[in-house]
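Take a look at the structure set out below.
The values are calculated or read from the model by the stated rules, or taken from the named source; none is laboratory data. Bear in mind that the values here come from a model prediction, so they are computed numbers and not experimental data. Neighbour counts are summed over all protein chains in view; Cβ atoms, including those assigned to glycine, are modelled from backbone coordinates with ideal geometry.
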Amino acid sequence: LTLAVAVRGPVTTIEGLAEQGGALHPMQQAFIDQDAFQCGYCTPGQIVSAIGCVAEGHAGSDAEIREHMSGNLCRCAAYPNIVKAINQAKGEMRS
């Protein structure tokens, strides 16, 4: 876990993902489309981690996604839908 004060450069939070016109980031939209959250408590961390998962090249398979996302806990057990959301968004994020 890297503290924000230790980062040399910009830090993007969940609030900074949407586009200027209000369009959601592809990962945010995929989480909605795939019903990848229930209570919403873990959703910001899940989405930001999911974006990192794809950006760092760790979304090649469902198993790889699960391994990379294993540090994010969801008490509502939305894990299968989170994997579906990442798979949905990764194509759009890479293009």
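Mind listing just one residue for me: the one in the stretch 57-72 that is surrounded by 12 or more Cβ atoms within 10 Å (Cβ to Cβ) and under 13 Å from the mean Cα position of the chain (by Cα) and, of those, nearest to residue 42 (Cα to Cα)?
Kept after step one, since they are surrounded by 12 or more Cβ atoms within 10 Å (Cβ to Cβ), are these residues of the stretch 57-72: 58-59, 62, 64-69, 72.
If we keep only those that are under 13 Å from the mean Cα position of the chain (by Cα) as well, we get 58-59, 65-66, 68-69, 72.
Values: 58: 20, 59: 20, 65: 17, 66: 15, 68: 16, 69: 12, 72: 8 Å.
For the stretch 57-72, the residue satisfying everything is 72.
Within the stretch 49-95, how many residues turn out to be in a loop (DSSP other than H, G, I, E, B) and of a type outside the set (D, E, K, R)? Let's see the steps before the verdict.
Step one: of the stretch 49-95, the residues in a loop (DSSP other than H, G, I, E, B) are 56-61, 69-78, 95.
Still in the list and also of a type outside the set (D, E, K, R): 57-61, 69-74, 76-78, 95.
Total meeting the criteria: 15.
For the stretch 18-25, the count of residues that are surrounded by 12 or more Cβ atoms within 10 Å (Cβ to Cβ), at pLDDT 95 or above and not in a helix (DSSP H, G or I) is nonzero.
For residue 31, the stated conditions do not hold, so it cannot be described as under 12 Å from the mean Cα position of the chain (by Cα), modelled with pLDDT under 95 and of a type in the set (A, V, I, L, M, F, W, C).
Return yes or no: is residue 85 touching a His at 6+ places or on another chain (Cβ under 8 Å) and free of Cβ contacts under 8 Å to residues at least 60 places away in the same chain? Walk me through it before giving the result.
Values: touching a His at 6+ places or on another chain (Cβ under 8 Å): no; free of Cβ contacts under 8 Å to residues at least 60 places away in the same chain: yes.
Against the criterion (touching a His at 6+ places or on another chain (Cβ under 8 Å) and free of Cβ contacts under 8 Å to residues at least 60 places away in the same chain), residue 85 does not qualify.
Which of the residues belonging to the stretch 8-17 are under 24 Å from residue 67 (Cβ atoms), part of a loop (DSSP other than H, G, I, E, B) and of a type in the set (Val, Ile, Thr)? 12, the sole residue that qualifies.
Taken over the stretch 31-42, the criterion of being assigned to a helix (DSSP H, G or I), more than 14 Å from residue 14 (Cα to Cα) and of a type outside the set (Val, Ile, Thr) is satisfied by 33 alone.
Can you spot a residue in the stretch 40-50 that is in contact with a Lys or Arg (Cβ under 7 Å, 6 or more places away or on another chain) and surrounded by 13 or more Cβ atoms within 10 Å (Cβ to Cβ)? Write out each step before concluding.
Keep residues of the stretch 40-50 that are in contact with a Lys or Arg (Cβ under 7 Å, 6 or more places away or on another chain), which gives none.
Among the residues of the stretch 40-50, not one is in contact with a Lys or Arg (Cβ under 7 Å, 6 or more places away or on another chain) and surrounded by 13 or more Cβ atoms within 10 Å (Cβ to Cβ), which makes the answer no.
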